[in-house]
Amino acid sequence: MSRPVPAAAIWALGATQIVGYGTLYYSFSVLAPSFGETFGWSQEWVYAALSLSLLAGGIAAPIAGGLVDRFGAGRVMTIGSVLAALGFVVAAFAQNGVWFAAALIAMEVISSLVLYATAFAALVRIGGKEAQRSITHLTLIAGFASTLFWPLTAGLIQVMDWRGVYLVFAALNLFLCAPLHWWVGTLEGPDEVTPAATVEAEPAKSRSGISLIFLLMMAGFAIEGFILSAVLNHIAPLLTMLGLAGPSILITTLFGPAQVLSRFVNMLFGKGLRQTHLTIIAAALPGLGVLALALGGPSALAGMVFALLFGLGSGLTSIVSGSLPLELFGRHRYGSRLGWLSSARQIASAVAPFGLAVAIGKMGIVPALFMVVAMATAATCVFALIAGREADTRDAGNNVAIG
């Protein structure tokens, strides 16, 4: 059953996603120097702890998806917000680096209970197929997380230490996010059982019973996750090595607005576009942006073209990571599928900064960028193959979920 998602639910989840991403993700880069000073760590060790925690969160994502299908997204997110608040408190009172790292890992595991994948599942459990547009609206609102929390965190660290900042973050998760998540949960409907005809119409599966389409989707999103994480975590040194240190601030400030612009344009004009086609566009744009950067050298114009294309692709990827599995598979077991997709993407994202650093060291900056372009091309081809198989199924008259 499909029904419109109430606007209040979208705004509520938008607020919790801003707080969730702002406190659990975007604040880290602002507070990282303070962590290092407190525990005597170099910045390399600080970010190693972050990478380890992201890896742990990726491993936990399928479990979170299964919990959503079993208990409902609202309940899972409510518990996640309470646990996130507890994690911030534990980290704030950590007396040594071991306890801090343990709290950081716990918080990233908990993040799989409260961020996009679970929020998308909440929208789908409320609206069914109607949630596709709501996912776009949610990503548009949540896209302001970095815009709000980078300066907010920078301002807080001027008037208190990082421990105080983490206690503020704990309060936001406990007293704002948890009640909103509980309320959203009251709007959810039950998971839908896939009709028998759907199961019979599924395409060939691997021996493990997992749809080939789904395996391709996991591979495509993993490659995209690697590209986005690798480039964004190296953006400053990349621009410097290419002779763009001067205009780097201008170039990087274009990324956020480009993300929001992609979601806004899709909201206005993308209603009739199939999600398989939108996913191909989302996969191609970052590669085109990196290609412009590799070919443009020290040109500020090339840098700005890169930021715009890369930001547009990143913004669309946030949308299609939730809407593509909904279009192809329906809402049945949506949480579990999204959990596995998030796991593949997050694990790839965790190893990406190190992988690109090794590539730059071995190959040089420009060859490493062409390697990224090749990966983006591979992801685009994977999603094009998915679109082709989906079109074949549709033309054969199987207007049912294909996985």
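By other beta-carbon atoms within 10 Å, ranking Arg163, Arg337, Arg70, Arg75 with the fewest at the front produces Arg70, Arg163, Arg75, Arg337. Between Ala230, Gly311, His332, the Cα set farthest toward the positive side of the dipole of segment 196-395 (charges on each charged residue's Cβ, about the Cα centre) is that of His332. Gain on full extension, evaluated as 0.36 nm per residue between Thr253 and Cys381 minus their Cα-Cα distance, stands at 43.1 nm.
Listed by Cβ neighbour count within 10 Å, with the fewest neighbours leading, Cys177, Cys381 appear as Cys381, Cys177. The residue among Val109, Val5, Ala60 whose Cα reaches farthest toward the positive pole of the charge dipole of the chain, with charges on the beta-carbon of Lys, Arg, Asp and Glu, is Val5.
The modelled label-to-label distance for the pair Trp183/Leu268, using points 7 Å beyond Cα in the direction of Cβ, is 3.0 nm.
Here, segment 213-288 is characterised by an Rg to Rh ratio of 1.05, where Rg is the alpha-carbon radius of gyration and Rh the Kirkwood radius.
Within the chain, the whole DSSP H helices whose Cα atoms reach 27 Å or more along their own axis and whose mean Kyte-Doolittle score is at least 0.5 are 43-71, 73-92, 212-233, 275-296, 300-329, 334-363, 365-395. Rounded to the nearest 500, the helix-only mean residue ellipticity at 222 nm of the chain stands at -26500 deg cm²/dmol, with each DSSP H run of n ≥ 4 adding -39,500 (n - 2.57). Which label marks the calculated value of Rg and Dmax of the Cα atoms in Å, given the options (1) 20.7, 64; (2) 27.7, 83; (3) 49.0, 129? Recomputing Rg and Dmax of the Cα atoms in Å here picks out (1). Under the shape rule built on the C-alpha gyration tensor, where the axes satisfy a ≥ b ≥ c, segment 273-403 is prolate, since a/c reaches at least 1.5 and a/b is greater than b/c. About its Cα centre, the chain has a charge dipole of approximately 360 debye under the convention of +1 per Lys or Arg Cβ and -1 per Asp or Glu Cβ, with nothing else charged.
Between the amide H of His332 and those of Glu192, distances stay under 5 Å, these residues lying 5 or more places away or on another chain, with hydrogens modeled in the peptide plane. Spin-label pair Ala154-Val98: with each label point 7 Å from Cα along the Cα-Cβ axis, the two points sit 3.7 nm from one another. With Cα atoms defining each centre, segment 308-328 and segment 51-71 are spaced 20 Å apart in the structure. Taking every alpha-carbon pair within segment 76-198, the share separated by more than 20 Å comes to 54 percent.
Going by neighbour counts of Cβ atoms within 10 Å, the residues Glu390, Glu37, Glu130 line up, fewest first, as Glu37, Glu130, Glu390. In segment 7-185, taking the dipole from charged Cβ atoms about the Cα centre, the farthest positive-side position among Ala170, His181, Phe144 is held by His181. Averaging the sequence gap over all C-alpha pairs within less than 8 Å and six or more residues apart, then dividing by the number of residues, gives segment 270-331 a relative contact order of 42 percent.
Readers should treat all values here as calculations from the given coordinates under stated rules, not as data from a laboratory. Since the structure is predicted, the reported quantities are computational estimates derived from the model, not experimental observations. Cβ atoms come from the backbone with ideal geometry, glycine included; neighbour counts cover every protein chain shown.
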